[in-house]
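Values in this text are rule-based calculations from the coordinates and carry no lab data. Because the structure is predicted, anything quoted here is derived from the model rather than measured. Note that each Cβ is placed from the backbone with ideal geometry, even for glycine, and that neighbours are counted across all protein chains shown.
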Amino acid sequence: MANPLLEVRHISKGFDGTGVLEDVSLTVHEGEVLVVVGPSGCGKSTLLRCINGLERIDSGEILLRGKPITGEKRDLVAVRQKVGMVFQSYDLFPHMDVMGNLLLGPTKALRRPKAEVEAEAMAMLKRVGLEEKAHALPRTLSGGQKQRVALVRAMLMKPEMLLLDEITAALDPEMVREVLNVVLDLAKEGMTMAIVTHEMRFAEAVADRVIFLEGGVIVEEGAPAQFFHHPKTERARQFLNTFVYEAAKKQSENSADA
Ligand SMILES: Nc1ncnc2c1ncn2[C@@H]1O[C@H](COP(=O)(O)OP(=O)(O)OP(=O)(O)O)[C@@H](O)[C@H]1O
Ligand SMILES: [Mg+2]
């Protein structure tokens, strides 16, 4: 197996004395897609934020390609370039057009030539079906379009891995697919990713490995086919059952509408 790109070793993190993550360890190998699922408040976002350096960990260690990115000598600018993150809210700069938003990081932080980045950005916009929107302002885009721009923006920083935190949670159902398809394409191309999602079908399709987090602890870890169809723990079974119930409810609502 390829070398570990990311290693999280025994990290703990609390807020104001309340533990949120407890002794969490995980590894993500190069080209691998790890999906993290679990109930609301279990610490999924906190875990991603710790990896990306947005939160400081209380104990443990996080390594990128074997080098610690936590501790006294951590270089947050370097970490955030190497570990890209996309959130539920797209946070594009509202006064800049799409291209302006895309050029900012690569030209300012990476000091790459504008023309070169522009050509790359155009090619990527085309791939996600947004070449006509290069000069549109964010407020004129749909949520799904904004989120695809946010993904392009993260990829233009040429990160070694991407962290995606519920990137479709704020979208209308019809826009979810167009965004998830972009993520599936990135996975096929070998992009290393850690993904938090409530979209269980997508999770199963995209994951190489799944982690089930509850109460800040990894309760179960496994291959997607095993986790989604034959969970080992009662807790995971219960968690997955709520989704089966919701999906069935949605389906019966839809057929009632028809
Ligand atoms: N900055 C903060 N200060 C204090 N408590 C926080 C902070 N950030 C998160 N928490 C708490 O940590 C716990 C885990 O939060 P987190 O956002 O990681 O959960 P989550 O699994 O991402 O939930 P969701 O599925 O709802 O997004 C929650 O109890 C939350 O209230
Ligand atoms: Mg969250």
Report summary line: From DSSP H assignment alone, runs of 4+ in the chain each adding -39500 (n - 2.57), the sum over residues rounded to the nearest 500 puts [θ] at 222 nm at -12000 deg cm²/dmol
Report summary line: A chain fully extended from His95 to Lys188 at 0.36 nm per residue, minus the present Cα-Cα distance, gains in nm 30.1 nm
Query - Inter-label distance, nm, simple model (7 Å from Cα along the C-beta direction), Leu137/Ala78 - result: 4.0 nm
Query raised in the report: Which net charge results for the neighbourhood of Ala207, defined as the other residues with beta-carbon distances under 12 angstrom from its beta-carbon, given Lys and Arg at +1 and Asp and Glu at -1?
Result: -3
Query raised in the report: What fraction, in whole percent, of alpha-carbon pairs in the chain exceed 25 Å separation?
Result: 47 percent
Query raised in the report: So which chymotrypsin sites (Phe, Trp or Tyr not before Pro) in segment 197-234 pass both tests, a DSSP loop state and at most 13 other Cβ atoms within 10 Å of the Cβ?
Result: none
Report summary line: In units of 2.2 N^0.38 Å, the Cα radius of gyration of segment 1-119 is 1.22
Query raised in the report: Of the trypsin sites (Lys or Arg not before Pro) in segment 1-65, which ones lie in a loop per DSSP and count no more than 16 other C-beta atoms within 10 Å?
Result: Arg56, Arg65
**Report entry** Net +/- balance of residues flanking Ala223 in space, Cβ distance below 13 Å, scoring K and R +1, D and E -1
**Finding:** -3
Requested in this report: Between beta-carbons, use under 12 Å as the cut-off and find the net charge around Thr242, counting Lys and Arg +1, Asp and Glu -1.
Outcome: +2
Query raised in the report: In terms of the ratio Rg/(2.2 N^0.38 Å) built on C-alpha atoms, what value belongs to segment 51-108?
Result: 1.39
Requested in this report: Pick out, in residue order, every one of the trypsin sites (Lys or Arg not before Pro) in segment 105-145 that is DSSP loop and has at most 13 other C-beta atoms within 10 Å; say none if there are none.
Outcome: Arg111
Report task. Take the Cα atoms of segment 79-213, build their convex hull, and give its volume per residue in Å³. Result -> 107 Å³
